[in-house]
């Protein structure tokens, strides 16, 4: 009886350990994907050709990295994919980054908006960062602001400055630090 109880106890312990380890593996997968996504974002933002007129987002699910957003040159799209493919844990890359059409008008508007926003004294601290956090995407007369700012006031001011610089329509996708932190915690 004692031997059967011991065997049953060992089987129960092994079953519990196995069940816990499979739960741990399942729990680690999203964390692993999260870590991969952070490494991808670091790779993208440290790419020397990636600037304030480009905006790339990433989603990682089971090691598959999906890249979305917009860049100003086809070479950036290709280079970002190439760099992401080399990251440990990435099993494949779905590159859905769009290349903005070349346009002298768009380029002039980008520069004008960038100078207006980052030239404003409220945004000087942002402009000194290695990778300034406000990204300006221009397609025709449509402008999208993306990235992170410190406050709702900064978000509204950036939109106002973009409009002053000549943007006809501004989509403001800027997030505050708190909103970005909250999104990461989900």
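Any idea which residue in the stretch 119-135 is farthest from residue 58 (Cα to Cα), counting only those that are surrounded by 13 or more Cβ atoms within 10 Å (Cβ to Cβ) and free of Cβ contacts under 8 Å to residues at least 40 places away in the same chain? So the residue we want is 122.
Here are 128, 171: which of them is at negative phi, modelled with pLDDT of 95 or more and not assigned by TED's automatic domain parsing to the domain that holds residue 50? Working first, answer last.
On the way: 128 fails: modelled with pLDDT of 95 or more.
From the options 128, 171, the qualifying one is 171.
Here are 143, 138: which of them is in a strand (DSSP E or B), in contact with a helix residue (DSSP H, G or I) (Cβ under 7 Å, 6 or more places away or on another chain) and in contact (Cβ under 8 Å) with a residue 40 or more places away in the chain? So the residue among 143, 138 that is in a strand (DSSP E or B), in contact with a helix residue (DSSP H, G or I) (Cβ under 7 Å, 6 or more places away or on another chain) and in contact (Cβ under 8 Å) with a residue 40 or more places away in the chain is 138.
Considering 41, 129, 109, which residue is assigned to a helix (DSSP H, G or I) and under 19 Å from residue 180 (Cβ atoms)?
Step by step, each of 41, 129, 109 is checked, and only 41 is assigned to a helix (DSSP H, G or I) and under 19 Å from residue 180 (Cβ atoms).
Among the residues that make up the stretch 85-98, is at least one of them within 29 Å of residue 157 (Cβ to Cβ), surrounded by fewer than 17 Cβ atoms within 10 Å (Cβ to Cβ) and modelled with pLDDT of 95 or more? Walk me through how you get there before you give the answer.
Just the residues of the stretch 85-98 that are within 29 Å of residue 157 (Cβ to Cβ), to begin with: 97-98.
Cutting the leftovers down to surrounded by fewer than 17 Cβ atoms within 10 Å (Cβ to Cβ) gives us 98.
Adding the requirement that they be modelled with pLDDT of 95 or more leaves 98.
The answer is yes; a qualifying residue exists.
If the condition is being in contact (Cβ under 8 Å) with a residue 40 or more places away in the chain and either out of contact with any helix residue (DSSP H, G or I) (no Cβ under 9 Å at 6 or more places or on another chain) or over 25 Å from residue 46 (Cβ atoms) (or both), then the stretch 148-168 contributes 161, 162, 164, 165, 166, 167.
The rows are residues; the columns are (1) under 22 Å from residue 132 (Cα atoms); (2) out of contact with any helix residue (DSSP H, G or I) (no Cβ under 8 Å at 6 or more places or on another chain); (3) at pLDDT below 95.
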residue: 13; (1), (2), (3): no, yes, yes
residue: 19; (1), (2), (3): no, yes, yes
residue: 23; (1), (2), (3): no, yes, yes
residue: 28; (1), (2), (3): no, yes, yes
residue: 41; (1), (2), (3): yes, yes, yes
residue: 50; (1), (2), (3): yes, no, no
residue: 56; (1), (2), (3): yes, no, no
residue: 68; (1), (2), (3): yes, yes, no
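The values are calculated or read from the model by the stated rules, or taken from the named source; none is laboratory data. None of these values were measured; they are calculated from a predicted model. We place every Cβ from the backbone using ideal geometry, glycine too, and count neighbours over all the protein chains shown.
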